[in-house]
Amino acid sequence: MNKRQLRNKVITYLSNFGTTEEEKHNIKEKLKNICGKTGQYNVPDALYQKRTSRCNRALISWKTVEKNKLTLKQLESFSGGVVVEFINEDYFKNDSNPQSLFNILKNRLGSDEKVSSMISIRNESGTSSSHIERDAFDKLKALIPDYQNHLIKRKDGIACSGKGNDQWEGYIYYSMKGGQQNTILSHATAPFPQLFNPACDFANEEICLDIDLVLAYFAMFSIDKTAFNVIQKKEYYELLNEIKKELKNSKYDFGNLLEYCDNHPCLLLDSGKLFDPIQVEPINIIDFSINDKSNLNNLDLTHNEAVNKGKYYYDKTRGCVLAPTRPNNIFWSKHLSNMMQQNFSLNEYFEHEEKIVAKRKVKLNKN
């Protein structure tokens, strides 16, 4: 049995623990969509692919590339193609070295190459002011007077595809809102290009399978085994051991995935059971059937190291960039927990929580 077949087998097995057909369907869909649908994160509405596969074309900012010291060769490991986004002032900076990655990418605006680039004028900070964007837009108009002829779009006559940089053309996007001035949009009306997924959610096909198996392995411990008969126990442990074997054989620079899973706090709080390590609450298999984002018990794919930290790692063993949604950076938690922890790494959150508890005790003892 190969890795994909094992993934499908364990998803089917887990979904059968639903007590109704609707619960079974919801469990299966939640597990199937782990890598089938990405979040939007910071991709503009008009450019977002609308929840498609992690393997698809990705958008990454120049600031993120620079911060993580990613090389051109490393960027080429984005199998679906990647576009480096020069946001606001980024494109107008100077680098005297013609061979620098910055200049190489500046010369790839709108190219069909696996690593391409574009210019975006848009709000990065979340503030209501738009003066930074408008200043950058003035520079863009001065540098490229016919900028409106270079708006990013899907190529005419090419079937819609989520992969490859030969599917689109142009290289400019802008969206200026806020302040006392008029709203200015490059893509004001449909149809929108819908070209990119966020790089933070990217994974190639092999990494996607590992993500699925890590989360499925965790989910296996959400099953209540106390009422199992002999046959049911045999089936459960045989499947669990198959997953363990595959995870142990899935090696990365940091080690293998079984070591990661078995040492994660979500499996260490109570032997043989899956816990939300943030609220310290058990997770039951039926929790995977909750299909309501407003329900605080809805289960989220959660990150040990928060996505907004923007950390990317090149794994030499696997020969690819590992984005924030990587196999050794994920676990299940309830939606409320995810909201509580999202600006911290998991360990940072634990430390933060302990400090708050200590402060509270001191204050209460004084009164």
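The values are calculated or read from the model by the stated rules, or taken from the named source; none is laboratory data. As the structure is a computational prediction, the values presented were derived from the model and not from experiment. Using ideal geometry, Cβ is built from the backbone for each residue, glycine included, and neighbour counts are taken over all protein chains shown.
Do the conditions hold for ASP224, that is, is it modelled with pLDDT of 95 or more, among the charged types (D, E, K, R), outside any loop (DSSP other than H, G, I, E, B) and touching a helix residue (DSSP H, G or I) at 6+ places or on another chain (Cβ under 9 Å)?
Here the answer is no, as ASP224 does not meet what is asked.
Give region 68-110 a look and list any residue that's among the polar types (S, T, N, Q) and under 22 Å from ASN149 (Cβ atoms), or say none. Walk me through it before giving the result.
Initial filter on region 68-110 (among the polar types (S, T, N, Q)): 68, 71, 74, 77, 79, 88, 94, 96-97, 99-100, 103, 107.
ASN88, ASN107 - these are the residues of region 68-110 that are among the polar types (S, T, N, Q) and under 22 Å from ASN149 (Cβ atoms).
Listed here are the residues, each with its yes/no results for (1) out of contact with any strand residue (DSSP E or B) (no Cβ under 8 Å at 6 or more places or on another chain); (2) assigned to a helix (DSSP H, G or I); (3) in the same structural domain as LEU267 (by TED's automatic domain parsing); (4) within 30 Å of CYS261 (Cα to Cα).
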{"residue": "GLY126", "(1), (2), (3), (4)": "yes, no, no, no"}
{"residue": "ASN149", "(1), (2), (3), (4)": "yes, yes, no, no"}
{"residue": "SER161", "(1), (2), (3), (4)": "yes, no, no, no"}
{"residue": "SER175", "(1), (2), (3), (4)": "no, no, no, no"}
{"residue": "CYS208", "(1), (2), (3), (4)": "yes, yes, yes, yes"}
{"residue": "LEU213", "(1), (2), (3), (4)": "yes, yes, yes, yes"}
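Please name all residue pairs, on different chains or six or more residues apart, with Cβ atoms under 9 Å, provided the first residue is in region 320-349 and is farther than 20 Å from VAL280 by Cβ and the second residue is in a loop (DSSP other than H, G, I, E, B) and of a type in the set (Val, Ile, Thr).
These pairs meet every condition: THR325/THR38.
Here is a check on your reading of the model: is SER61 of a type outside the set (A, V, I, L, M) and touching a helix residue (DSSP H, G or I) at 6+ places or on another chain (Cβ under 7 Å)?
Numbers: of a type outside the set (A, V, I, L, M): yes; touching a helix residue (DSSP H, G or I) at 6+ places or on another chain (Cβ under 7 Å): no.
No; evaluated as a whole, the condition is false for this residue.
Evaluate region 305-315: report whether one residue or more is modelled with pLDDT of 95 or more and polar (S, T, N, Q).
no
Can you tell me which residue within region 308-336, out of those that are assigned to a strand (DSSP E or B), within 27 Å of PHE288 (Cβ to Cβ) and not hydrophobic (A, V, I, L, M, F, W, C), is farthest from the chain's Cα centre (by Cα)? Steps first, please.
Of region 308-336, the ones assigned to a strand (DSSP E or B) are 313-315, 320-322, 330-334.
Right, trim to within 27 Å of PHE288 (Cβ to Cβ) and you get 322, 330-334.
With the extra rule that they be not hydrophobic (A, V, I, L, M, F, W, C), the set shrinks to 333-334.
Details: SER333: 16, LYS334: 17 Å.
Result: LYS334.
PHE228 versus (1) in contact with an Asp or Glu (Cβ under 8 Å, 6 or more places away or on another chain); (2) over 30 Å from TYR313 (Cα atoms): which is the lone unmet condition?
Just one mismatch for PHE228, condition (1).
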